[in-house]
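Participant: Structure incoming, see below.
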Amino acid sequence: MALIEATNLGKTYTDEEVQTPALKEVNLKIEEGEFVAITGPSGSGKSTLLHLLSFLDRPTSGQYFFNGKSVYDYSDEALAKIRNKQMGFVFQGFNLLPRTLVIENVKLPLVYSDAKESLWKEMAEKAIESVGISHRSNYDPSKLSGGERQRVAIARALVNSPAVIFADEPTGNLDSKSGGQIMETLEKLNVAGHTIILVTHETYTAEYAERIIRIKDGRIESDEKVQERRRAKDQFIK
């Protein structure tokens, strides 16, 4: 059973009776443990697809199954719980709380989880260690570089041990060196078993994935395995 399965998935936005189709008849499957990049030009529908797959929005047509269960079988409250427990999010703008220590930022998703509060510090420290910034645990995010702040955001996405991590243009605010480091971090997490779904308009970023789905005008234009990845997985395995 695929972790994610979409059949004829569509999304149309309505504004003052004007209908704008953003996504049309999308069919795809994503297995547990895959690293998939969704790419395409601005306005192609890639972010809309991410929003549907991550329960941030509901489709207007077609079917979407997460872990074998249809999105239509969940209430909005149930979707919010799954989003918190089984999905991690990394955004272009970091979305960290200012004047709040790194470790406290990483703990935030645990407030809405079933984890015992006595375990929060240990869980946050483990997530921070996994992205290589343990030495920044007690720093204010404003004192960190852009790349370090994005690593904090990745640690926050990891803290609940989600089934899938959604990364929406995670290198968009970074220089090429920092962006490369973030992509290496995501690939290491994929090697460790995490499912990664990346949205990006950058070709070099997409090439860190194992599979690239290209979207144009709301439809999947191609869905191909990456022949030559940017990094060899073996170099990350100790």
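The values are calculated or read from the model by the stated rules, or taken from the named source; none is laboratory data. Nothing here was measured: the structure is a model prediction, and the numbers come from that model. Neighbour counts run over all protein chains shown; Cβ positions are idealised from the backbone, glycine included. Note: accessible area is taken over every heavy atom of the protein model, side chains too, but ligands, DNA and RNA are not part of it. Shrake-Rupley method; radii C 1.70, N 1.55, O 1.52, S 1.80 Å.
Participant: Restricting to region 59-89, name every residue that is under 26 Å from Arg156 (Cα atoms) and assigned to a helix (DSSP H, G or I).
Facilitator: Correct list: Val71, Asp76, Glu77, Ala78, Leu79, Ala80, Lys81, Ile82, Arg83, Asn84, Lys85, Gln86.
Participant: Run Asp114 past the list (1) within 19 Å of the chain's Cα centre (by Cα); (2) not in a helix (DSSP H, G or I) and report the number of the one that doesn't hold.
Facilitator: Answer for Asp114: the failing condition is (1).
Participant: If you scan region 102-117, which residues turn out to be open to solvent by less than 70 Å² (accessible area, probe 1.4 Å) and aliphatic (A, V, I, L, M)?
Facilitator: If the condition is that a residue be open to solvent by less than 70 Å² (accessible area, probe 1.4 Å) and aliphatic (A, V, I, L, M), then Val102, Ile103, Val106, Leu108, Leu110, Ala115 are the ones that fit.
Participant: Of all residues in region 35-53, which are in a loop (DSSP other than H, G, I, E, B), on the phi < 0 side of the Ramachandran plot and surrounded by fewer than 21 Cβ atoms within 10 Å (Cβ to Cβ)?
Facilitator: Answer for region 35-53, where residues must be in a loop (DSSP other than H, G, I, E, B), on the phi < 0 side of the Ramachandran plot and surrounded by fewer than 21 Cβ atoms within 10 Å (Cβ to Cβ): Pro41, Ser42.
Participant: Tell me which of these Gly68 doesn't satisfy, since it passes every other one: (1) open to solvent by 60 Å² or more (accessible area, probe 1.4 Å); (2) more than 29 Å from Thr203 (Cβ to Cβ); (3) in contact (Cβ under 8 Å) with a residue 60 or more places away in the chain.
Facilitator: If we test Gly68 against (1) open to solvent by 60 Å² or more (accessible area, probe 1.4 Å); (2) more than 29 Å from Thr203 (Cβ to Cβ); (3) in contact (Cβ under 8 Å) with a residue 60 or more places away in the chain, just (1) comes out false.
Participant: Taking region 118-151 as the search range and keeping residues that are under 22 Å from Met183 (Cβ atoms) and polar (S, T, N, Q), which one is surrounded by the fewest Cβ atoms within 10 Å (Cβ to Cβ)?
Facilitator: My answer is Ser145.
Participant: Taking the condition of being over 11 Å from Asn95 (Cβ atoms) and in contact with a Pro (Cβ under 7 Å, 6 or more places away or on another chain), how many residues in region 147-175 meet it?
Facilitator: 2
Participant: Right, here's the next one. Go through region 61-72 and count every residue that is of a type outside the set (A, V, I, L, M, F, W, C) and modelled with pLDDT under 95.
Facilitator: Total satisfying the criteria: 5.
Participant: Could you pull out the residue among Asn84, Asn95 that is out of contact with any Ser or Thr (no Cβ under 7 Å at 6 or more places or on another chain) and modelled with pLDDT under 90?
Facilitator: Asn95
Participant: Let me ask something additional. Within region 172-194, can one find any residue that is part of a loop (DSSP other than H, G, I, E, B), among the aliphatic types (A, V, I, L, M) and open to solvent by 40 Å² or more (accessible area, probe 1.4 Å)? Even if it seems obvious, please write down each step before you answer.
Facilitator: Applying the first criterion (part of a loop (DSSP other than H, G, I, E, B)) to region 172-194 yields 172-175, 192-194.
From what's left, among the aliphatic types (A, V, I, L, M): 174, 192.
With open to solvent by 40 Å² or more (accessible area, probe 1.4 Å) added as a condition, the list becomes 192.
Yes, some residue in region 172-194 is part of a loop (DSSP other than H, G, I, E, B), among the aliphatic types (A, V, I, L, M) and open to solvent by 40 Å² or more (accessible area, probe 1.4 Å).
Participant: On to the next question. Please verify whether region 221-234 includes one or more residues that are within 13 Å of the chain's Cα centre (by Cα) and either open to solvent by 80 Å² or more (accessible area, probe 1.4 Å) or not polar (S, T, N, Q) (or both).
Facilitator: no
Participant: Moving on. Among all residue pairs at least 6 apart or on different chains, which show Cβ distances below 7 Å where the first residue, located in region 43-55, is closer than 13 Å to Tyr13 by Cβ and the second is of a type in the set (Val, Ile, Thr) and crowded, with 21+ Cβ neighbours inside 10 Å?
Facilitator: As it stands, the answer is Gly45/Ile215; Ser47/Val199, since those pairs meet every condition given.
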